[in-house]
Amino acid sequence: LKSLNTSDKEFDPFVAPDGLSIWFVSDRGGVRGVYKATRPSPYHDFDEPQIVEATSGADMPASPTVTADGRMLMYVVPEKARIWQTVRKKGSTEFGKKEIVRSDDDGSRAWRSAQLSSDGLRLYWTEEGGDEITTRAAVRTETSKLFGKTLK
């Protein structure tokens, strides 16, 4: 993993189901966001990671996950209790504008982690408030639709 390790903050790795890409969060060179590295086969080293431009910003993201087809990326901004998604068109390498898919604007809780199902239809996240950690979920019938109400 020589190409992945640096002295910068790098954490929350997510290996795609096919094992050919790894996604993680970092502040490499002062640029915060989700980074992606690929390889031609599981027997090769990963290439030099590249930032997913749509995810860069002042906030440090966490917990990136990607659908099995690699077209949808979702991550959480823990301290702001927001879950973002960005999607790329079939055959495209660039992700589009990021969108908030879930948020809690009252500021009383932090969302430390989130996980998107490989088909993009189910979303799970943890809410931390006071001494309690709770798992939440939301579902949708198609990836082009909004997630429904929060399931507790």
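The values are calculated or read from the model by the stated rules, or taken from the named source; none is laboratory data. Bear in mind that the values here come from a model prediction, so they are computed numbers and not experimental data. Every residue, glycine among them, receives a Cβ derived from its backbone with ideal geometry; neighbour counts consider all protein chains shown. Quick note on the areas: whole protein, heavy atoms, side chains included, nothing else; ligands and nucleic acids left out. Shrake-Rupley method; radii C 1.70, N 1.55, O 1.52, S 1.80 Å.
Pick from region 25-35 the residues that are open to solvent by less than 50 Å² (accessible area, probe 1.4 Å) and within 16 Å of the chain's Cα centre (by Cα): which of them is modelled with the lowest pLDDT? Only one residue tops the list, namely 27. Summed over region 71-101, the residues that are in a loop (DSSP other than H, G, I, E, B), within 19 Å of residue 22 (Cβ to Cβ) and not charged (D, E, K, R) give a count of 2.
Of the residues making up region 1-52, just one is at positive phi and touching a helix residue (DSSP H, G or I) at 6+ places or on another chain (Cβ under 9 Å), namely 33. Candidates 122, 102: the one that is open to solvent by 30 Å² or more (accessible area, probe 1.4 Å) and over 15 Å from residue 67 (Cα atoms) is 102.
When the residues of region 55-70 are filtered to those that are open to solvent by 10 Å² or more (accessible area, probe 1.4 Å), in contact with a strand residue (DSSP E or B) (Cβ under 6 Å, 6 or more places away or on another chain) and part of a loop (DSSP other than H, G, I, E, B), the one that is farthest from residue 35 (Cα to Cα) is 59. Cβ-Cβ distances below 7 Å connect the following pairs, each with a first residue in region 124-145 that is touching a residue at least 24 places away in the same chain (Cβ under 8 Å) and hydroxyl-bearing (Ser, Thr, Tyr), a second residue that is in a strand (DSSP E or B) and surrounded by 11 or more Cβ atoms within 10 Å (Cβ to Cβ), and a separation of six or more residues or different chains: 143/72. Might you check whether a residue that is more than 19 Å from residue 26 (Cβ to Cβ), in a strand (DSSP E or B) and of a type in the set (Asp, Glu) occurs anywhere in region 102-121? Scanning region 102-121, I find no residue that is more than 19 Å from residue 26 (Cβ to Cβ), in a strand (DSSP E or B) and of a type in the set (Asp, Glu), so the answer is no. Contact annotation: residue pairs with Cβ atoms under 7 Å, 6 or more positions apart or on different chains, pairing a residue in region 60-81 that is touching a residue at least 24 places away in the same chain (Cβ under 8 Å) with a partner that is surrounded by fewer than 22 Cβ atoms within 10 Å (Cβ to Cβ) and part of a helix (DSSP H, G or I), are 62/78. When residue 42 is tested against (1) within 30 Å of residue 142 (Cα to Cα); (2) outside any strand (DSSP E or B), only condition (1) is not met. Which condition does residue 19 not pass, out of (1) assigned to a loop (DSSP other than H, G, I, E, B); (2) in contact (Cβ under 8 Å) with a residue 24 or more places away in the chain; (3) open to solvent by less than 20 Å² (accessible area, probe 1.4 Å), if it passes all the others? Failing condition for residue 19: (2). Looking across 114, 110, one residue alone is modelled with pLDDT of 90 or more, open to solvent by less than 60 Å² (accessible area, probe 1.4 Å) and hydrophobic (A, V, I, L, M, F, W, C). It is 114.
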